[in-house]
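Asks: The structure follows.
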């Protein structure tokens, strides 16, 4: 029963991400070659993210891993591993932007597209098929973010859109965390302190841009 539950959870996650990728390929306004390039880069980031989660499981359970390396396979990927993987992924993108002169902003716009659609599909499944009691609030937040994303693309720069999206996303999750027992993203529980880092960073970036415009 436990194995079937885990396989179902993995299946829902795979379907959600696959539909996110498909939606990007079908509906993105990027040229066809750029779409393919971004899909390849996003796939590479996804693979790195999975590797980072497994690395997080080892690092955060190092004593268990040293005593019995194979036992680490029995440990589920918890929220701590998820935070660990996100941190490493952000550092990887920062490294590529600085050292390899990679144009990160267009890739991040594509990532935002895939992330929002994949998350929306995932939460829809949680509400409709899994009867998740606390998924509807996040589903509503994602719907608003998707509408805002497509509307703002015609009026603002990519960097400003990303800052506004992160600000609204993190604020929405913090609000949900206050009004309900917990909030999950792709099944991983989000701690307020972790989301607070995103919110403070994005608000700081927004205030910096506004101040810079006035100078």
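The values are calculated or read from the model by the stated rules, or taken from the named source; none is laboratory data. Given the structure is predicted, the values throughout are model-derived calculations rather than measurements. Here the Cβ is made from the backbone with ideal geometry for all residues, glycine too, and neighbour counts use every protein chain on show.
Asks: For region 175-202, which positions are farther than 19 Å from residue 87 by Cα and in contact with a helix residue (DSSP H, G or I) (Cβ under 6 Å, 6 or more places away or on another chain)? Spell out the reasoning first.
Replies: Within region 175-202, the first condition is being farther than 19 Å from residue 87 by Cα, and the residues that meet it are 175-183.
Scanning region 175-202 gives 176, 177, 183.
Asks: Still on this structure, I have one more. Among the residues of region 180-192, are any in contact (Cβ under 8 Å) with a residue 24 or more places away in the chain and assigned to a helix (DSSP H, G or I)?
Replies: Taking region 180-192 as the starting set, the residues that turn out to be in contact (Cβ under 8 Å) with a residue 24 or more places away in the chain are 180-191.
Retained after the next criterion (residues that are assigned to a helix (DSSP H, G or I)): none.
No, there is no match, as no residue in region 180-192 is in contact (Cβ under 8 Å) with a residue 24 or more places away in the chain and assigned to a helix (DSSP H, G or I).
Asks: Kindly check whether there is at least one residue in region 51-61 that is free of Cβ contacts under 8 Å to residues at least 12 places away in the same chain and under 22 Å from residue 104 (Cα atoms).
Replies: Taking every residue of region 51-61 in turn, at least one turns out to be free of Cβ contacts under 8 Å to residues at least 12 places away in the same chain and under 22 Å from residue 104 (Cα atoms).
Asks: Do we have any residue at all in region 108-119 that's more than 16 Å from the chain's Cα centre (by Cα) and either surrounded by fewer than 17 Cβ atoms within 10 Å (Cβ to Cβ) or closer than 20 Å to residue 163 by Cβ (or both)? Break it down into steps so the answer makes sense when it comes.
Replies: Just the residues of region 108-119 that are more than 16 Å from the chain's Cα centre (by Cα), to begin with: none.
No, the conditions are met nowhere in region 108-119.
Asks: Let me ask something additional. Looking at region 162-182, is at least one residue within 27 Å of residue 44 (Cα to Cα), at pLDDT 90 or above and surrounded by fewer than 16 Cβ atoms within 10 Å (Cβ to Cβ)?
Replies: No, region 162-182 contains no residue that is within 27 Å of residue 44 (Cα to Cα), at pLDDT 90 or above and surrounded by fewer than 16 Cβ atoms within 10 Å (Cβ to Cβ).
Asks: Are there helices (runs of 4 or more DSSP H) fully within region 7-112 with at least 2 residues that are closer than 30 Å to residue 156 by Cα and touching a helix residue (DSSP H, G or I) at 6+ places or on another chain (Cβ under 8 Å)? List them.
Replies: 32-60, 79-99
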